[in-house]
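Bear in mind these aren't lab numbers, they're just calculated from the coordinates by the rules spelled out. Keep in mind the model is a prediction, meaning the values are calculated, not measured. When we count neighbours, we look across all protein chains shown, and the Cβ atoms used for this are built from the backbone with ideal geometry, even at glycine.
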Amino acid sequence: MENLVSAGSNANTLLLVDDDVVLCDVLSQALERRGFIVSVAHSAEEALPMAGLAPPRYAVLDLKMNGSSGLMLVDALHRANPEARIVVLTGYASAETAAEVIRLGAAQCLFKSASTDAILSALRHRPGSQVIN
């Protein structure tokens, strides 16, 4: 199984974007314990300048947030770093939304209740390899 955290300048950088502050705190701590350098934003508008300065290797995004949608952020992150592995979390999944998320460059779309291990597994997949767990 592929090791997600390896040597390199941005090899283990992860951008976590969700308007749920508690979820961000818990998930960022879990990801940091697994060796990621986590940056947290609570909106797409807050995340865009962060990603512009240092495009992350990985991203975990909420689909529905206050302000701009996570869909817009998937597209922007994929354009900034086509090799980025992006996982979108949602509580409102539909086949159409999941297909759009994958089309824009995300590796997977998972329900928000996904475990940290499920999120890490999703980050291993190449874009378009699988939709919703």
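Laid out as a table, the results:
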read-out	value
Highest average packing first - 24-34, 102-112, Cβ atoms within 10 Å	102-112, 24-34
Label point distance in nm, R79-R124, each placed 7 Å from Cα along Cα→Cβ	3.3
Pair E32, L53: separation of 7 Å Cα→Cβ label points (nm)	1.7
Residue (of S43, L120, V26) at the positive-pole extreme of the range 15-133, dipole from beta-carbon charges	L120
Contour minus Cα-Cα distance for S94 and S69 (0.36 nm per residue)	7.5 nm
The range 65-128-the range 14-62 distance, computed between alpha-carbon centres (Å)	13
